[in-house]
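Input: a single structure, listed below in structure tokens.
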Amino acid sequence: PHAGETPAHIGGTTLFGDNVEDEWFIVYLVREITRDFPGLAAKIDDNDGEFLLIEAADFLPKWLNPENSENRVFFYKGELHIIPPLETPEQECDLFAPCPTLSEALTLLSTRSEEFLAAEPIRAAINKRIDGYPEKIQASLHRAHCYLPAGIAAVLRQRPSLLAAAVHAFYLRDPADLRACRRPFHTFPAEQRVMTVVTFTRCLYAQLAQQKFVPDRRSGYTLPAPSHPQYKAYELGMKLAHGFEILCSKSSKVSPSSKRNVLSGPLWERFLRSLKEKDYFKGELEGSAKYSELLHMAEDYFQQSVTTPESSVEVNPGDEILALLQTTPIDLKEYEREAACLPPEDDDSWLDITPDALDQMLKEARNESLPCANEEEQKYDLEAVAESMKAFVSKVSTHEGAEMPWSSDESHVTFDVDSFTKALDRILGADSEELDSDDLDEEEEFGFSEEDDEDLDAGNQRQDQKVSPDELIGSLKSYMNEMDRELAQTNVGKSFTTQKKGASSVKASPSEGADSGAEDPELAPVDVDMNLVANLLESYSAQAGLAGPTSNILQSMGVYLPENTDHCGSSSQAAQ
């Protein structure tokens, strides 16, 4: 292909609806295809974009973001590959580097794939999501008894995939759809019903079973009392019958809306998006006469050259159902004999999730173990709480948010006062004595004179000559001590917990010992860790078991506090 063109490929679009597991099953299939055919490279995305990167968001390199990830993520030889910016290989990756074209990316992938293999944590996150396939497919199925029209049972035997369309038609119905269900059913009357087994996915079964629906009396469908042993089978069959009847009422055979159906699919949306990116509409406003003219031309071209009878445009499910009913024989006696010896249906207790089970699922999703209550109460360490919060505060935040201190092995933040002062002097120009007009106006306003300036300059020169760094630090300490004495007598000072004598972990140096004796004996240093932990526990207790800032921050760093079983005691007592 020429530069910028898309090479020959096989593509497809799947509408997975609410069943996200279908999407990850496709990821598994794509990965296995590239493993069995080493010469193939595959990329996959959804309406959220690069959802593979979203799954591994905790482990992505700093340079990778949604704006520069296009044409960088591929499955190749059964492994995930990420192509980084290559403009500055000796420096850090450029956040604003342009995305490669598809042809450029494939060329790099075929010649230097070993350099672009995704990091092990990223691959592990993706592999964990698709681990267990294809065996896991059976675990996602649910078999249930349904009392439904014999025509539906015959159609599902020929086309099991039509079950999803019928469930979605019922689940997403609107008042206009139900117009076909407010009279005796034309396609699937209630008189010819049989008991049979229908295999759902768990998602489809939950959508059908959990919706409350009362059929119209004119439809002919009635339900037994809820205490009836087959009530659930009657209800499921009734809902499925409504879904199939809605589909057949929307049959597009010899319908002027057939063109509209073709132009509302994902293939047309992608074609239209491509036209907009190439400035096909030349800046015309949407809805204008010129825009409408260009749009009609594009629609005609799409129908003539893209949409052909042999293409893979989705067939209207109602048309397919009606065609199957005409060609499929229905033997009621055979269905009645099968109904006498149906296999048992699956247990649907998985629909009910307890709070503890939900917590366990969330823990497993974060790859964390869930300790029992006794172990959690015995092993949690308040020192770890304080250290984790200090590490979090030490991290640098940006407009994109704060970074969590994932690793405890990272070095602590250090601060060099001398280097900072020198850098500040270079920025502010400490040697410059020039003043702007605003400074001069302020001096005149406060009555400063040149003689005052000279006296101040002379005093500053004498101070610079006489004051040593040690004396300056000692003077600063005296100011701080005086401030502490003043605050100690206020409500602010009394609100802090102070260290007990001999409880401080930092030993005073000999030079500090003399100063400490001269200080106010009632002035004890504030216990920073104790105040931090006490405030955290008070905030955690105020959450009353719900999500809140304290639990969110601590859990993101792997620190879990036990449930507050002592409701009478204060948080400060718990900290002590």
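The values are calculated or read from the model by the stated rules, or taken from the named source; none is laboratory data. Just so it is clear, the model here is predicted, and its values are computed rather than measured. Heads up, the Cβs are rebuilt from the backbone with ideal geometry, glycines too, and the neighbour counts pull from every protein chain shown. Just so you know, the surface numbers come from the protein's heavy atoms only, side chains and all, with ligands and any DNA or RNA stripped out. Shrake-Rupley method; radii C 1.70, N 1.55, O 1.52, S 1.80 Å.
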Grab the Cα-Cα distance for residue 63 and residue 539, subtract it from 0.36 nm times how many residues apart they are, and report the gain in nm with one decimal. 167.8 nm
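Got a sec? What order do 350, 24 fall in by accessible area at 1.4 Å, biggest, i.e. largest, first?
Per-residue accessible area, sorted high to low, gives 350, 24.
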So which of 43/136; 77/278; 128/232; 128/278; 43/232; 62/363 end up more than 31 Å apart, counting from Cα to Cα? 77/278; 128/232; 128/278; 43/232
Measure of exposure for residue 33: accessible area at 1.4 Å probe, Å² rounded to 10, is 80 Å²
Note on segment 147-198: alpha-carbon gyration tensor, axes a ≥ b ≥ c; rule is a/c under 1.5 for rounded, else prolate if a/b larger than b/c, else oblate; result oblate
Quick one: pull the percent of accessible area on segment 20-131 belonging to carbon and sulfur, 1.4 Å probe, ligands and nucleic acids left out. 55 percent
Could you tell me the relative contact order of segment 20-131? Use alpha-carbon pairs under 8 Å, at least six residues apart, and round to a whole percent. 30 percent
Residues with beta-carbon under 11 Å from that of residue 219, excluding residue 219: net charge, scoring Lys, Arg +1 and Asp, Glu -1? +2
Taking only the alpha-carbon atoms of segment 20-131, what semi-axes of the equivalent ellipsoid follow from 5 times the gyration tensor eigenvalues under a square root, in whole Å, largest first? 22, 16, 13
Stretched fully, the stretch from residue 222 through residue 99 gains (0.36 nm per residue minus C-alpha distance, one decimal, in nm) 38.3 nm
Charge sum, other residues only, whose C-beta stays under 12 Å from residue 176's C-beta, Lys/Arg counted +1 and Asp/Glu -1: +2
Can you tally the net charge around residue 71? Count Lys and Arg as +1, Asp and Glu as -1, for every other residue whose Cβ sits under 13 Å from the Cβ of residue 71. -3
Spin-label pair residue 120/residue 547, simplified geometry with 7 Å Cα→Cβ offset, distance in nm: 3.2 nm
Estimated inter-spin distance, residue 192 and residue 176, nm [label 7 Å along Cα→Cβ]: 3.1 nm
Roughly speaking, what is the stretch gain from residue 183 to residue 288, that is 0.36 nm per residue apart minus the C-alpha to C-alpha distance, in nm to one decimal? 33.5 nm
At R0 = 60 Å, FRET efficiency that the Cβ-Cβ distance of residue 486 and residue 334 yields, to 0.05: 0.05
Label-to-label distance, nm, for residues given as residue 353 and residue 32 (7 Å Cα→Cβ offset): 2.7 nm
